[in-house]
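Q: Before I ask anything, let me first share the structure, which is written out below as C-alpha cells.
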Amino acid sequence: MHEYLMSVLLGIVEGLTEFLPVSSTAHLRIAEALLHISLQSGYWKMYTIVIQLGAILCLPVYFRARLRELIISFKHRLEGNRPVITHPLTLVMVAFVITAIPAFLLTKVIGKNLENLKVMGASLLIGGIVMWLIDARNAKWERAGEQASDRGLIRTWRMDGMSLGQAMWIGACQILSAVFPGTSRSMSTIAAGQVAGMSRAAALEFSFFLSIPTMFVATAYDLLKSVMGKTENPIGVSDIDAHQWIVLAIGFVVSFIVAYGAVAWFMSWVRKRGFVPFAIYRIIVGTAVLLWASRGLG
C-alpha cells in the first residue's frame, strides 16, 4: 500500500476513535494487523504520536468559545476573592493530576500491555458491558430531563455544577484506560461521571476538557522521548526525509479534520441517543479481537 494512502487511512482511524468511547489505541493496533503493516519502527511510532496530536488539537479549536467563557469566569472568581476549587478548570486539573502521577509510575506496565491484543479485546468487551449497564441505568432520568420533579440518580446536569469529589473519582477511573489499552480514556471518564451522578452531556463535556491536558502531556512526553532517543528504534528530526514529512503532514491534517467532525457529531448524538450503540460496538469488536488473538492471527 502506498504510504500516502496508508497515512490517510490511519489518520481517519485515529480521528474517528480518539474521542469516541471505543479506544483509538486498540483500533490502531487492529488496523496495523489487518493492513499487515508495522508501526513499531522509530518513524512509525513517531507517526502515531503526530496523528494523535492532530486529533487532540481539534479540541481547543472546537471548544474555543467555551474555553474563553471558562477562563473569563475563572478570572472573575479570583478577582472577586471567591473560591476557585470547584471551578470547572480547577476540577479538570485536579482530575488530570490524579491520573498523571500513577500513570507515570506505571509506565513499564502500560508499555507491556500496549501490544497485547488479548488485553485490548478484554478491555473493549468488559468496557462495553459496563458502559451499557450504566447508561441504561440512567436512561429513565435522562429522558425526563433536568426540569423533571424526579431527577433520580442524576444530580449534576452541567459541568459547571460538578463537585471536587466527582472530579477526583473521574481522574482515578481514567487511570484504567492508561493501564489497560482498549478501555478507552473517553469511556472510562464518561462512565465514571455517570456513576457519580452526572448527566450524559455533563460527563461528556468534562471528558473532552480533561482530555486536553491529559492527552497533550502524554503525547508531548512520548514525542520528546522519541526525538531524544529514549525509546526503542529512536528517530531524530534530522533523519526524516521530505517524503516522510509529507506522510506525517497528511496523517496530522486528516486526523485533525476527522476528529473535529467526530467531536461535533458525538456531542449532538449523545444528548439524544446515549452511549448504548457504542457499547454494543465495543462488545462485538472486543469479542472478535479475543477470538482473533486466541488463534494467533494478530
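The values are calculated or read from the model by the stated rules, or taken from the named source; none is laboratory data. Remember, it's a predicted structure, so these values are computed and weren't measured experimentally. In this analysis, Cβ positions are derived from the backbone assuming ideal geometry, glycine residues included, and neighbour counts consider all displayed protein chains. With ligands, DNA and RNA removed, areas are computed over all heavy atoms of the protein, side chains included. Shrake-Rupley method; radii C 1.70, N 1.55, O 1.52, S 1.80 Å.
Q: Tell me yes or no: at least one residue of region 70-78 is on the phi < 0 side of the Ramachandran plot, under 19 Å from the mean Cα position of the chain (by Cα) and open to solvent by less than 40 Å² (accessible area, probe 1.4 Å).
A: No, region 70-78 has no match at all.
Q: Here are some residues: Leu10, Leu20, Leu39, Leu59. Which one is more than 22 Å from Ala249 (Cβ to Cβ) and touching a Phe, Trp or Tyr at 6+ places or on another chain (Cβ under 9 Å)?
A: Leu20
Q: Restricting attention to region 227-240, report how many residues are surrounded by 15 or more Cβ atoms within 10 Å (Cβ to Cβ) and either at pLDDT 70 or above or touching a strand residue (DSSP E or B) at 6+ places or on another chain (Cβ under 8 Å) (or both).
A: Result for region 227-240: 1.
Q: Of all residues in region 81-112, count the ones that are under 17 Å from Leu176 (Cβ atoms) and surrounded by 19 or more Cβ atoms within 10 Å (Cβ to Cβ).
A: 6
Q: Against the conditions (1) over 30 Å from Ile72 (Cα atoms); (2) in a helix (DSSP H, G or I); (3) out of contact with any Ser or Thr (no Cβ under 7 Å at 6 or more places or on another chain), where does Gly127 fall short? Just the number, please.
A: Every listed condition holds for Gly127 apart from (3).
Q: Moving on to the next point. Please determine, by comparing only the residues of region 241-260 that are touching a residue at least 24 places away in the same chain (Cβ under 8 Å), within 24 Å of the chain's Cα centre (by Cα) and open to solvent by 40 Å² or more (accessible area, probe 1.4 Å), which one is farthest from Arg137 (Cα to Cα).
A: Ile250
Q: Does region 145-164 include one or more residues that are part of a helix (DSSP H, G or I) and free of Cβ contacts under 8 Å to residues at least 40 places away in the same chain?
A: no
Q: Here is a further query. Which members of region 1-16 meet the condition of being touching a residue at least 12 places away in the same chain (Cβ under 8 Å) and open to solvent by 10 Å² or more (accessible area, probe 1.4 Å)?
A: Selection gives Met1, Glu3, Tyr4, Met6, Val8, Leu9, Ile12, Val13, Leu16.
Q: Okay, next question. Which residue pairs have Cβ atoms closer than 8 Å, lie 6 or more positions apart in sequence or on different chains, and pair a first residue in region 265-291 that is in a helix (DSSP H, G or I) with a second residue that is open to solvent by 70 Å² or more (accessible area, probe 1.4 Å) and hydrophobic (A, V, I, L, M, F, W, C)?
A: Val276/Trp132; Ala279/Ile129; Ala279/Trp132; Ile280/Trp132; Ile283/Ile129; Ile283/Trp132; Gly286/Ile126
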